[in-house]
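S.K.: Starting off with a structure, shown below.
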Amino acid sequence: MNKTVVDTHNVSKVYNPETIPVYAINNVHLHIERGEFTALVGPSGSGKTTLLNLIGGLDKPDKGSIIIDGTDITRLQAGSLISFRLKNIGFVFQSFNLIPVLTARENVEFILLLQGISKEERNNRVAQLFRQIGLEDKMDTRPAQLSGGQQQRVAVARALASKPKFVLADEPTANLDSISAANLLDIMALLNKEENMTFLFSTHDQRVIERARRVITLVDGRIAADTATVDTNIPHELEGNK
Amino acid sequence: MIFLLAWRNIWRNKMRSIVIMLSIALGLFAGIAVLALYKGMMKSRVRTVIDAETGHIQLHNILFKNDFDPKYIIDDKENPLEKIRNIPEVKLAAPRTITQGMLATATGSSGVQINGVIPGLEYEASLLKRKIVEGRAFDESRKNEIMIGKKLARKMKLRPGSKLVLTFTDTTGTIVSAAFRIAAIYQSDNAPLDERNVYVTMSDLNTLLNLGGEFHEIVVLLKNDESLIAVQQELKKEFPLYQVESWKEISPETDLMVKTTDLYSYIIMIIIMFALAFGIINTMLMAILERTREIGMMAALGTTRIRIFLMVLMETIFLTLAGTPAGILVGWVVIFYYGRHGLDLSGMGREMMSSFGFGTMVYPEFPVEKLGGVMLIVTATAILSSLFPAIKTIRLQPVEALRR
């Protein structure tokens, strides 16, 4: 198993290359190792989401290479990239993006079904994930009946369902109140500690930044600062999360 | 899961889905109704042709129909009528003496086909008695009585009791004229035939034609339509010197009409479905536009394009197929009702209907044998309608869809 999970070399993403080029990402070198709990910060328009999209294989860079767990995803064909994302990358979105017509359990199970995992294994995995996020009693509830915090916890469970190499979270706490945000961070911190799961967040949220062990600051598409912080990321008690 | 997702997706906007299902049901009902109406009309037309015009089979002297020369007779010596009546499938065999002639009155004249009939048999063979709208049936104690069609009567300004003169050539080629008195005016569902055919008794006409017991035509009615081909073959073998024709050969326009009606009804059905397809496409595009972000998310998480394509395809098929049973059920109920009580089209005018050979009362019949074809058209509509929205969906780039 590779120690390095994400390795980007000289990555650039340019919009309007033939008229007025705008460098959303400009020559970014980034190296993330297994088990990191990293926050990507910067002002609006600094390229945080673009960089996450590139690392997540949702977008292609105009220059450079992105190596995920030893595979250069910039060289993958569309079909292979979809399969790669399914098996290796977990996504958590700002607005939860659960499928509203599926229950919480089905939303998580959906990923496992896409992977063709057996029913028994699916049931075990889903039960384990709902235990971890503290929502065992909400498994058969539809997203509309869950609070924002609960929905985002289900989204985290969904991201982890396929046992990915790492989880990309784009502003995961932006739509949450402070208690829900704290609960979510606790869960992610716990998963990071217990399962050595790698998390990379884009965020403006000071609460997330404070919990991150590494903070990368982007300005105008370039890495302006990359600092390791003191490990304050100790999960609080999960009680009262439900 | 994609199956479940597609099913639940169609119930996201219940009102919209119900409206589209009702449209499909209505479209299907309209299609089935057209098929049933055409089937009923065609069946009634065929029935009229068989029961009131040609019978199932007709036999003639092989030369008779070339120019309807009365000398080409069916010789009674071989006793063909008895032989035909002895065939178990035969319900009735009636002879007719036929000649072409001129009907004249003081005010004008018209070319007609003069049919010499045995009244008792003809009333069964062509339901002539039932068609009488003015006057009375033949009185066999009276000589030289005639029945003429309503259209001809109107044209020649004739009514029951009026006198007219028929002129024609006899079997020796001599011109013969005789005066006849109108016993009745009849009206069938085929105005052009009414204008052309007049009926006299066979005994009167045979005397004028210099014929004994001979005749020109045998009209055969069968107990059921299905034995037509078998009996025709049997008669051809039995009477190789006679022309043995089925109603399809005697009235090829009716046979053609029956065959082409199937095609026309499918064309109408396809037009209805074509209009419906735009409704389905519109609904599905709206449904997809509303879910762009969600579909982008599904793609981002690793759902393959084919799965997303299948999801949209299934949603459309579900919507279409959910409306199908309702359409078929309503169609069946309505057609069952009108099939029993009849659909009165007299509002369109009896004259107009009869000029095309149709009666005003139509008994629609549920097109069971065409249900497969109808379902195929509906399914094809569903699949074709879903293609555009489904292709539009798989062209979505997750990164762009997620931004919306």
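S.K.: Which of the residues that make up segment A:53-86 are more than 8 Å from every other protein chain (Cβ to nearest Cβ), over 15 Å from B:Thr303 (Cβ atoms), part of a loop (DSSP other than H, G, I, E, B) and not basic (Lys, Arg)?
M.R.: The answer is A:Pro61, A:Asp62, A:Asp69, A:Gly70, A:Leu76, A:Gln77.
S.K.: When segment B:67-93 is examined, which residues are found to be under 24 Å from B:Tyr199 (Cα atoms), modelled with pLDDT of 85 or more and either touching an Asp or Glu at 6+ places or on another chain (Cβ under 7 Å) or not hydrophobic (A, V, I, L, M, F, W, C) (or both)?
M.R.: Listed by number, the residues that qualify are B:Asp69, B:Pro70, B:Lys71, B:Tyr72, B:Ile73, B:Ile74, B:Pro80, B:Glu82, B:Arg85, B:Lys91, B:Leu92.
S.K.: Can I ask one more? Pick out the one residue from B:Leu396, B:Leu329 that is surrounded by 19 or more Cβ atoms within 10 Å (Cβ to Cβ), over 17 Å from B:Ile10 (Cβ atoms) and either under 26 Å from the mean Cα position of the chain (by Cα) or within 13 Å of another protein chain (Cβ to nearest Cβ) (or both). Working first, answer last.
M.R.: Numbers: B:Leu329 fails: surrounded by 19 or more Cβ atoms within 10 Å (Cβ to Cβ).
On inspection, the qualifying residue turns out to be B:Leu396.
S.K.: Of everything in segment A:91-116 that's of a type in the set (Val, Ile, Thr) and in contact with a Ser or Thr (Cβ under 8 Å, 6 or more places away or on another chain), which residue is nearest to the other protein chains (Cβ to nearest Cβ)? Please lay out each step first, then the result.
M.R.: Filtering segment A:91-116 down to residues of a type in the set (Val, Ile, Thr) leaves A:92, A:99, A:101, A:103, A:108, A:111.
Pick out the ones that are also in contact with a Ser or Thr (Cβ under 8 Å, 6 or more places away or on another chain) and you get A:103, A:111.
Details: A:Thr103: 10, A:Ile111: 6 Å.
Across segment A:91-116, the extreme among qualifying residues is A:Ile111.
S.K.: Could you list all residues from segment A:126-152 that are touching a Ser or Thr at 6+ places or on another chain (Cβ under 9 Å) and either within 29 Å of A:Thr4 (Cβ to Cβ) or modelled with pLDDT under 85 (or both)?
M.R.: Passing the criteria: only A:Gln152.
S.K.: May I ask you to say which residue of B:Ile391, B:Ile377, B:Ile306, B:Ile335 is under 18 Å from the mean Cα position of the chain (by Cα) and either under 30 Å from B:Met257 (Cβ atoms) or surrounded by fewer than 17 Cβ atoms within 10 Å (Cβ to Cβ) (or both)?
M.R.: Details: B:Ile391 fails: under 18 Å from the mean Cα position of the chain (by Cα); B:Ile377 fails: under 18 Å from the mean Cα position of the chain (by Cα); B:Ile306 fails: under 18 Å from the mean Cα position of the chain (by Cα).
When all the criteria are applied, what remains is B:Ile335.
S.K.: Here's a follow-up. Could you list, ordered by first residue, the pairs with Cβ atoms under 7 Å in which the first is in segment A:17-36 and closer than 15 Å to A:Asp220 by Cα and the second is open to solvent by less than 70 Å² (accessible area, probe 1.4 Å) and among the hydroxyl-bearing types (Ser, Thr, Tyr), at least 6 apart or interchain?
M.R.: Close Cβ pairs satisfying both conditions: A:Tyr23/A:Ser12; A:Ala24/A:Thr50; A:Ile25/A:Ser12; A:Ile25/A:Thr50; A:Asn26/A:Ser12; A:Asn27/A:Ser12; A:Val28/A:Thr8; A:His29/A:Thr8.
S.K.: Of B:Leu285, B:Leu256, B:Leu235, which residue is within 32 Å of the chain's Cα centre (by Cα) and surrounded by fewer than 17 Cβ atoms within 10 Å (Cβ to Cβ)? Spell out the reasoning first.
M.R.: Values: B:Leu285 fails: within 32 Å of the chain's Cα centre (by Cα); B:Leu235 fails: surrounded by fewer than 17 Cβ atoms within 10 Å (Cβ to Cβ).
Of B:Leu285, B:Leu256, B:Leu235, the one residue that is within 32 Å of the chain's Cα centre (by Cα) and surrounded by fewer than 17 Cβ atoms within 10 Å (Cβ to Cβ) is B:Leu256.
So that you can scan it fast, the table gives a plain yes or no per residue for (1) within 22 Å of A:Ile67 (Cα to Cα); (2) out of contact with any helix residue (DSSP H, G or I) (no Cβ under 7 Å at 6 or more places or on another chain); (3) free of Cβ contacts under 8 Å to residues at least 40 places away in the same chain:
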| site | (1), (2), (3) |
| --- | --- |
| A:Ser118 | no, yes, yes |
| A:Arg131 | no, yes, yes |
| A:Gln145 | no, yes, yes |
| A:Gln151 | no, no, no |
| A:Ala155 | no, yes, no |
| A:Phe166 | yes, yes, no |
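S.K.: A further question follows. Taking segment B:28-49 as the search range and keeping residues that are among the small types (Gly, Ala, Ser) and open to solvent by 10 Å² or more (accessible area, probe 1.4 Å), which one is farthest from the other protein chains (Cβ to nearest Cβ)? Write out each step before concluding.
M.R.: Keep residues of segment B:28-49 that are among the small types (Gly, Ala, Ser), which gives B:30-31, B:33, B:36, B:40, B:44.
Those left that are additionally open to solvent by 10 Å² or more (accessible area, probe 1.4 Å): B:30, B:33, B:44.
Values: B:Ala30: 32, B:Ala33: 36, B:Ser44: 51 Å.
By that ranking, first place goes to B:Ser44.
S.K.: Could you run through segment B:294-315 and say how many residues are under 16 Å from A:Phe96 (Cα atoms) and within 9 Å of chain A (Cβ to nearest Cβ)?
M.R.: As a first pass, look at segment B:294-315 and keep what is under 16 Å from A:Phe96 (Cα atoms): B:294-301.
Imposing the further condition that a residue be within 9 Å of chain A (Cβ to nearest Cβ) reduces the set to B:294, B:296-301.
Qualifying residue count, segment B:294-315: 7.
S.K.: While we're on this one: Could you go through segment B:175-185 and let me know if any residue there is within 19 Å of B:Met147 (Cα to Cα) and of a type in the set (Ser, Thr, Tyr).
M.R.: Within segment B:175-185, one or more residues are within 19 Å of B:Met147 (Cα to Cα) and of a type in the set (Ser, Thr, Tyr).
S.K.: Is it the case that segment A:47-57 has a residue that's open to solvent by 50 Å² or more (accessible area, probe 1.4 Å) and touching a residue at least 60 places away in the same chain (Cβ under 8 Å)?
M.R.: Of the residues in segment A:47-57, the ones open to solvent by 50 Å² or more (accessible area, probe 1.4 Å) are A:49.
Add one more test, that the residue is touching a residue at least 60 places away in the same chain (Cβ under 8 Å), and what stays is A:49.
Scanning segment A:47-57, I find at least one residue that is open to solvent by 50 Å² or more (accessible area, probe 1.4 Å) and touching a residue at least 60 places away in the same chain (Cβ under 8 Å), so the answer is yes.
S.K.: Output the number of residues of segment B:164-201 satisfying the condition of being over 22 Å from B:Asp51 (Cβ atoms) and either free of Cβ contacts under 8 Å to residues at least 40 places away in the same chain or not in a strand (DSSP E or B) (or both).
M.R.: Here the count works out to 12.
S.K.: Within segment B:334-345, does at least one residue satisfy the condition of being assigned to a loop (DSSP other than H, G, I, E, B) and of a type outside the set (Val, Ile, Thr)? Spell out how you get there, then give the answer.
M.R.: First, the residues of segment B:334-345 that are assigned to a loop (DSSP other than H, G, I, E, B): B:342, B:345.
Applying the additional criterion that residues be of a type outside the set (Val, Ile, Thr) yields B:342, B:345.
Among the residues of segment B:334-345, at least one is assigned to a loop (DSSP other than H, G, I, E, B) and of a type outside the set (Val, Ile, Thr), which makes the answer yes.
S.K.: Yes or no: B:Glu351 in a helix (DSSP H, G or I) and within 14 Å of another protein chain (Cβ to nearest Cβ)?
M.R.: On the way: in a helix (DSSP H, G or I): yes; within 14 Å of another protein chain (Cβ to nearest Cβ): no.
For B:Glu351, the condition - in a helix (DSSP H, G or I) and within 14 Å of another protein chain (Cβ to nearest Cβ) - is not met.
S.K.: Do we find a residue being open to solvent by less than 40 Å² (accessible area, probe 1.4 Å), away from chain A (no Cβ under 14 Å) and not small (Gly, Ala, Ser) anywhere in segment B:7-16?
M.R.: Keep residues of segment B:7-16 that are open to solvent by less than 40 Å² (accessible area, probe 1.4 Å), which gives B:9-10.
From the residues that got through so far, the ones that are away from chain A (no Cβ under 14 Å) too are none.
No: segment B:7-16 contains no residue that is open to solvent by less than 40 Å² (accessible area, probe 1.4 Å), away from chain A (no Cβ under 14 Å) and not small (Gly, Ala, Ser).
The values are calculated or read from the model by the stated rules, or taken from the named source; none is laboratory data. Bear in mind that the values here come from a model prediction, so they are computed numbers and not experimental data. All Cβ positions, even for glycine, are placed from backbone atoms using ideal geometry, and neighbour counts span all protein chains on display. These area figures cover heavy atoms from the full protein model, side chains too; ligands, DNA and RNA do not enter into them. Shrake-Rupley method; radii C 1.70, N 1.55, O 1.52, S 1.80 Å.
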